[in-house]
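The values are calculated or read from the model by the stated rules, or taken from the named source; none is laboratory data. Keep in mind the model is a prediction, meaning the values are calculated, not measured. All Cβ positions, even for glycine, are placed from backbone atoms using ideal geometry, and neighbour counts span all protein chains on display.
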């Protein structure tokens with residue numbers, strides 16, 4: 001994310017322009033100018049324009065040129081973060097063997113707990129600033145792909161070692177199952193995405209149950225990214 005981003009976290013959480021002016025012609029012109037200016041700023045910050053949701057006199061999908069009293073334009077910035085997250089997960093996912101499909105093809109999207117898929121729905125999945133987005137991989141070996149931390153036994157005398165638990169067990173990094181992704185996939189992606197989009201969204205690494213639900217049994221949890229708009 002460029003350090004010269006024109007946005008503050010408050011503005012970018014739900015970037016919207018609500019415009020009301022005395023003259024209908026001025027309303028139309030001002031709306032178009034403000035949309036163009038915001039899109040230019042978004043291109044500078046994110047590298048591409050954001051999808052917009054526009055309301056003219058309270059009605060969606062009406063032409064701006066028909067505006068009489070008020071316009072409202074919302075810029076979908078969270079969707080851009082989700083697209084970038086999917087791309088990163090796919091690029092970092094191990095592939096092969098062909099039997100049984102690939103790990104990279106099983107990253108599922110849930111929006112507010114509901115499975116969403118643009119391919120089967122035949123349309124772009126709309127994501128609003130208030131949504132909770134979960135991307136999860138439920139392959140049975142997904143947790144092993146992540147690797148993680150483990151505790152090795154401390155020395156014979158039981159003396160605590162630097163970075164150890166209360167029983168003298170040293171905390172070490174366990175590499176991921178795949179040599180193609182020795183540092184895992186989801187956890188490192190969460191960190192990189194947070195550094196890149198931290199002024200737009202909160203991106204965390206976690207684990208959820210089947211269908212994205214929160215469960216307590218570790219064996220039934222799978223690695224995931226949880227993405228929400230950043231609080232003001």
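If the condition is being at pLDDT below 90 and outside any strand (DSSP E or B), then the range 51-68 contributes 51, 61. If you go through the range 191-221 and keep only what is at pLDDT 85 or above and in a helix (DSSP H, G or I), you end up with 191, 192, 193, 194, 195, 196, 197. Each residue in the range 34-89 was checked for being touching a helix residue (DSSP H, G or I) at 6+ places or on another chain (Cβ under 8 Å) and closer than 30 Å to residue 136 by Cα, and 14 of them qualify. The condition of being touching a strand residue (DSSP E or B) at 6+ places or on another chain (Cβ under 7 Å) and modelled with pLDDT under 60 holds for only one of 152, 232, that being 152. Among the residues of the range 69-105, those that are over 30 Å from residue 41 (Cβ atoms), part of a loop (DSSP other than H, G, I, E, B) and at pLDDT below 90 comprise 94, 95, 96, 97, 98, 99, 100, 101, 102.
Return the residue satisfying two criteria in turn: it lies in the range 113-137 and is out of contact with any helix residue (DSSP H, G or I) (no Cβ under 9 Å at 6 or more places or on another chain) and without any contact (Cβ under 8 Å) to a residue 60 or more places away in the chain, and of such residues it is nearest to residue 54 (Cα to Cα). Full working, then the answer.
Step one: filter the range 113-137 for residues out of contact with any helix residue (DSSP H, G or I) (no Cβ under 9 Å at 6 or more places or on another chain), giving 116-123, 130, 132.
Remaining after also requiring without any contact (Cβ under 8 Å) to a residue 60 or more places away in the chain: 116-123.
Details: 116: 23, 117: 24, 118: 21, 119: 25, 120: 26, 121: 22, 122: 22, 123: 18 Å.
Only one residue tops the list, namely 123.
For the range 19-49, name all the residues that are touching a strand residue (DSSP E or B) at 6+ places or on another chain (Cβ under 7 Å) and either without any contact (Cβ under 8 Å) to a residue 40 or more places away in the chain or assigned to a helix (DSSP H, G or I) (or both). 27, 30, 31, 34, 35, 38, 42 - these are the residues of the range 19-49 that are touching a strand residue (DSSP E or B) at 6+ places or on another chain (Cβ under 7 Å) and either without any contact (Cβ under 8 Å) to a residue 40 or more places away in the chain or assigned to a helix (DSSP H, G or I) (or both). When the criteria are applied in full, residue 143 meets the requirement of being touching a strand residue (DSSP E or B) at 6+ places or on another chain (Cβ under 7 Å) and at pLDDT 65 or above. Flag set for residue 188, criterion: in the same structural domain as residue 201 (by TED's automatic domain parsing), closer than 21 Å to residue 95 by Cβ and either modelled with pLDDT of 55 or more or part of a loop (DSSP other than H, G, I, E, B) (or both). In this structure, does residue 70 turn out to be surrounded by fewer than 19 Cβ atoms within 10 Å (Cβ to Cβ) and either within 30 Å of residue 196 (Cα to Cα) or touching a strand residue (DSSP E or B) at 6+ places or on another chain (Cβ under 6 Å) (or both)? In short, yes. Among the residues of the range 50-89, those identified as without any contact (Cβ under 8 Å) to a residue 12 or more places away in the chain and more than 18 Å from the chain's Cα centre (by Cα) are 59, 60, 61, 62, 63, 66.
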